[in-house]
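Novice: Dumping the structure here so I can ask a few things about it.
The values are calculated or read from the model by the stated rules, or taken from the named source; none is laboratory data. Just so you know, these numbers come straight off a predicted model, no measurement behind them. In this analysis, Cβ positions are derived from the backbone assuming ideal geometry, glycine residues included, and neighbour counts consider all displayed protein chains. Heads up: the accessible areas ignore ligands, DNA and RNA and are worked out on the full protein's heavy atoms, side chains in. Shrake-Rupley method; radii C 1.70, N 1.55, O 1.52, S 1.80 Å.
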Amino acid sequence: MTAALVRAAGDLATDMAGLDLRGRIRLVEDRIPGRLVFTTSLGIEDQALTHAIALNKGRTEIVTLDTGRLFPETYDVWAETEAAYGIRIRAYAPERVAEEEFVAREGINGFRHSVAARQACCGFRKVEPLGRALAGAAAWFTGLRAGQSANRADTPLAEADEGRGLIKVNPLADWTRAQIDAFVRENFIPYNALHDRGFPSIGCAPCTRAVKIGEDERAGRWWWEQESKKECGLHLHAPEADVAPGQEPAAFVEPASAATSRESRRELV
């Protein structure tokens with residue numbers, strides 16, 4: 001099965017290359033039988049994909065992982081997207097017991113204590129719900145792009161996810177951020193207001209800051225950690241339980257925006 005999956009993914013990637021976004025999605029829906037799932041983070045790439053999937057009116061399910069720690073702006077664009085396209089985006093939430101036990105053990109922001117703690121937090125908030133979202137799926141659509149970070153530079157249009165036994169489809173893998181921005185603007189696609197405030201990549205609120213000039217798009221994610229292999233585990237073929245080399249915790253540095261906000265609150269007291 002593995003060899004067949006790898007071959008099918010390679011053939012699909014080759015055939016996707018010459019198609020536009022909606023054509024790529026149609027090809028996947030025509031070629032791959034079974035359940036097709038798109039997991040949206042509601043970031044700008046995923047909004048472009050949601051637009052194309054919704055207009056195609058095919059059989060791809062659109063779901064999201066509601067970690068419970070998202071920005072208010074993310075919930076706003078979620079509601080706006082459902083209204084704009086007349087769809088429902090199904091939410092997968094963390095298991096209650098796992099969340100309660102983590103907070104009791106580590107504290108509400110205990111993910112900052114170490115990389116292992118942060119990976120554990122991502123594990124129950126994102127990785128485990130993703131497993132439920134993809135249960136029985138034959139293909140998984142994502143908004144990954146090669147240009148998002150050095151870790152994603154080799155992202156193909158389609159690849160075999162042997163661990164999950166499905167084909168992972170990245171229809172925007174060869175798009176630039178400029179192409180994404182233009183597509184969203186030209187098609188009047190709803191997008192997260194944080195993108196206009198220096199947040200090219202948006203995750204959970206406590207784990208995301210605006211990027212500085214010259215930083216890559218994902219530099220604002222888990223910014224207190226060292227740069228090597230910063231991922232939440234969703235897009236790793238074989239997530240490691242232990243801390244990987246280069247992932248030892250660096251000193252946590254609070255973003256200037258947080259300090260400014262705190263001072264503003266003091267002035268109101």
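Novice: Compute the label zone of residue 15 within segment 52-75: residues whose backbone N is under 20 Å from the point 7 Å along Cα-to-Cβ.
Specialist: Within reach of a label on residue 15: 53, 56-61.
Novice: Right, another one. To the nearest 10 Å², what's residue 41's accessible area with a 1.4 Å probe?
Specialist: 60 Å²
Novice: Also, quick follow-up: State the percentage of accessible surface on segment 1-194 attributable to carbon and sulfur atoms; use a 1.4 Å probe and exclude ligands, DNA and RNA.
Specialist: On the way: 4540 of 8480 Å².
Solvent-exposed carbon and sulfur of segment 1-194 make up 54 percent of the total.
Novice: Please give me the summed charge of the neighbours of residue 204: other residues whose Cβ is under 13 Å from its Cβ, Lys and Arg +1, Asp and Glu -1. Please list the in-between numbers first.
Specialist: Working: positive: 69, 112, 118, 125, 126, 209, 221; negative: 66, 73, 99.
Charge balance in the 13 Å sphere: +4.
Novice: Then there is this: Describe numerically, in nm with one decimal, the distance between label points set 7 Å from Cα along Cα→Cβ at residue 113 and at residue 6.
Specialist: A separation of 4.1 nm, rounded to one decimal place.
Novice: Can you send over the solvent-accessible area of residue 69, 1.4 Å probe, protein chains only, in Å² to the nearest 10?
Specialist: 50 Å²
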